[in-house]
Every structure is written in structure tokens, then in C-alpha cells.
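Presented below is the structure to which this report refers.
The values are calculated or read from the model by the stated rules, or taken from the named source; none is laboratory data. Given the structure is predicted, the values throughout are model-derived calculations rather than measurements. We place every Cβ from the backbone using ideal geometry, glycine too, and count neighbours over all the protein chains shown. Heavy atoms of the whole protein, side chains included, go into the accessibility calculation; ligands, DNA and RNA do not. Shrake-Rupley method; radii C 1.70, N 1.55, O 1.52, S 1.80 Å.
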Amino acid sequence: MTMGKFITLEGVEGVGKTTNLNFIASYLTSNGKKIITTREPGGTKIAEKIRDLLLEHNEEKLCNESELLLMFAARAQHIENIIKPALDAGKWVVCDRFTDATYAYQGGGRHFKMADINWFEKFVQKGLSPDKTVLLDLSVDVGLERAAGRSEPDRFESEKKAFFNNVRRVYLERAKAEPNRFCIVDASKSIEQVQKNIQRYLDKMLTDG
Ligand code: TMP
């Protein structure tokens, strides 16, 4: 059976991931692809419980090492129980965030060594990586303004601007280093323009097979 494709969506808070994830899902479906949409951290019952631990404000401070380990623990559950079975069944998996977020947030934001993250990536993913990653890029100021007031800020959303500037910098560095996998989409443009740009990349994937 043909393997499905694995598409991930990345960006700092407020870039419009949810709207564009829905767009990607419906565009692929209308082109005859069987798809699942999912998210990280999360995507399975256990991984969603881990997500709560990661995003909630706790009385006990969650240390950065635990944060990194929990991200990969959730990812291991997600890959084993959702992502791999779907790809093996020929489905296209559209995922809101994946390991690029770990490099950006835990590497850029929390200053973990990229080599350490890379070790966990290999340990947990065993060679699995996205076929295409859409990076919605937006200035941190605009992103945070858009995200403000959506709901009570979670543990990450409560971080300072410098944290998010580091997150964005690492995303852009990774996108430059892997131009074939990443497509950078300017999220400051109108929704129509953003989706037209995303569609161009999807059309190429659909044609290339
Ligand atoms: P969301 O708000 O996009 O659902 O993502 C939840 C938060 O988790 C977001 O602030 C980014 C953060 N995150 C990491 O720090 N590292 C990761 O590996 C992932 C997947 C998410």
C-alpha cells in the first residue's frame, strides 16, 4: 500500500494555525485524499493528558527538563498510536505542530542544546519526519497581539516577548536549512493570500504524488 504523507504546521502564537489547518484538511479532502488532522502536544488520550500537564499553570513549577521529556513522551504515544498507523493505511496526516516546535520552543526558548533535542528526536521518531512543513511566519508583536484576549494565557503564552523572538528565529533558521521540506508563508498577508500560497505548495505535493 502507498504510504500517506505527513504535513505539519508551525509558527508562533497568533499566526492562524487553526484556520489554516482546517483549510489544508478540506483542500486535501476535496482532492480525494483520506486525511486525519491532529495536534501536538496531544492527539491521543494519554498525550492529551500530558498536554494538560504542559500547558496548565501548576503550583509546583514544571522544570524545563520535565517539559522537554514530556513533549517527547507525548510524541512517542502520538506516533505509535495515531501517526504511524494512519500513514501505513495510506492516509495523509495533517498535524498542528511537531518536532520543529521542540527545536524552536525548548531549543530557542528554553536554550536546550539542539544536539540533545536531536538525540531525543532520533530515539522517539526512528527516522519519521514530516514530508512538508508549512511555517506561518509573523512578527512576534503582531502574533501576540492577535493571540491576546483569546483565552486565559497558558504556561507558554505567558512567556515574554524575548522568548517568542527566539522561537521565531529558530523556526526561520530551520526553514532556511531545509528549504525542500519547509514552505515559509507570510502570515501578515490577508487570509486569501495566505491560503493561496499554501495551496500552491499543496498542489505541488499532489502533482508530485
Ligand atoms: P498550541 O497552542 O499551538 O496548541 O501549542 C501548545 C503550546 O506548546 C505552544 O505554546 C507551543 C508549545 N510546544 C512546545 O513548546 N514544544 C513542542 O514540541 C510542541 C509540539 C509545542
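If the condition is being more than 9 Å from the ligand (Cβ to nearest atom), farther than 17 Å from LYS176 by Cα and part of a helix (DSSP H, G or I), then segment 89-116 contributes ALA115, ASP116. Take the residues in segment 1-12 that are open to solvent by less than 30 Å² (accessible area, probe 1.4 Å) and in contact with an Asp or Glu (Cβ under 6 Å, 6 or more places away or on another chain), then tell me which one is nearest to LEU138 (Cα to Cα). Per the stated criteria, the residue is GLU10.
Per the listing LEU138, LEU172, LEU144, the residue uniquely within 14 Å of the ligand (Cβ to nearest atom) and modelled with pLDDT of 95 or more is LEU138. Residues in segment 95-104: is at least one open to solvent by less than 50 Å² (accessible area, probe 1.4 Å), at pLDDT 95 or above and among the polar types (S, T, N, Q)? There is at least one residue in segment 95-104 that is open to solvent by less than 50 Å² (accessible area, probe 1.4 Å), at pLDDT 95 or above and among the polar types (S, T, N, Q). In the set (1) in a helix (DSSP H, G or I); (2) at pLDDT below 95; (3) among the aliphatic types (A, V, I, L, M), VAL15 fails one condition alone, (1). Here LEU70 passes the criteria (1) within 11 Å of the ligand (Cβ to nearest atom); (2) outside any helix (DSSP H, G or I); (3) open to solvent by 30 Å² or more (accessible area, probe 1.4 Å) except the one numbered (2). Among residues of segment 37-55 that are part of a helix (DSSP H, G or I) and modelled with pLDDT of 95 or more, none has a Cβ under 6 angstrom from a residue that is open to solvent by 80 Å² or more (accessible area, probe 1.4 Å) and near the ligand (Cβ under 10 Å from one of its atoms) at a sequence gap of 6+ or on a separate chain.
Look at segment 10-25: where a residue is touching a residue at least 60 places away in the same chain (Cβ under 8 Å) and a partner is among the small types (Gly, Ala, Ser) and surrounded by fewer than 19 Cβ atoms within 10 Å (Cβ to Cβ), sitting 6+ places away or on another chain with Cβ atoms under 6 Å, you get GLU13/ALA147; GLY14/ALA147. Look at (1) assigned to a loop (DSSP other than H, G, I, E, B); (2) open to solvent by less than 60 Å² (accessible area, probe 1.4 Å) and you find that GLU60 fails only one, number (2). Restricting attention to segment 82-94, the residues being farther than 13 Å from GLU48 by Cα and open to solvent by 40 Å² or more (accessible area, probe 1.4 Å) number 5. In segment 189-203, which residue that is surrounded by 15 or more Cβ atoms within 10 Å (Cβ to Cβ) and not aliphatic (A, V, I, L, M) is nearest to SER129 (Cα to Cα)? Ranking the qualifying residues of segment 189-203, first place goes to TYR201.
Tell me whether segment 42-51 contains one or more residues that are closer than 19 Å to PRO130 by Cα, in contact with a Gly (Cβ under 9 Å, 6 or more places away or on another chain) and surrounded by 21 or more Cβ atoms within 10 Å (Cβ to Cβ). For segment 42-51, residues closer than 19 Å to PRO130 by Cα, in contact with a Gly (Cβ under 9 Å, 6 or more places away or on another chain) and surrounded by 21 or more Cβ atoms within 10 Å (Cβ to Cβ): absent. Search segment 142-157 for residues that are in contact (Cβ under 8 Å) with a residue 60 or more places away in the chain and in a loop (DSSP other than H, G, I, E, B) and pair each with any residue that is of a type outside the set (D, E, K, R) and more than 11 Å from the ligand (Cβ to nearest atom) when their beta-carbon atoms are under 9 Å apart and the residues are at least 6 apart or on different chains. Note: pairs meeting the criteria are ASP154/HIS57; ARG155/HIS57; ARG155/ASN58; ARG155/LEU62; GLU157/LEU144; GLU157/ALA148.
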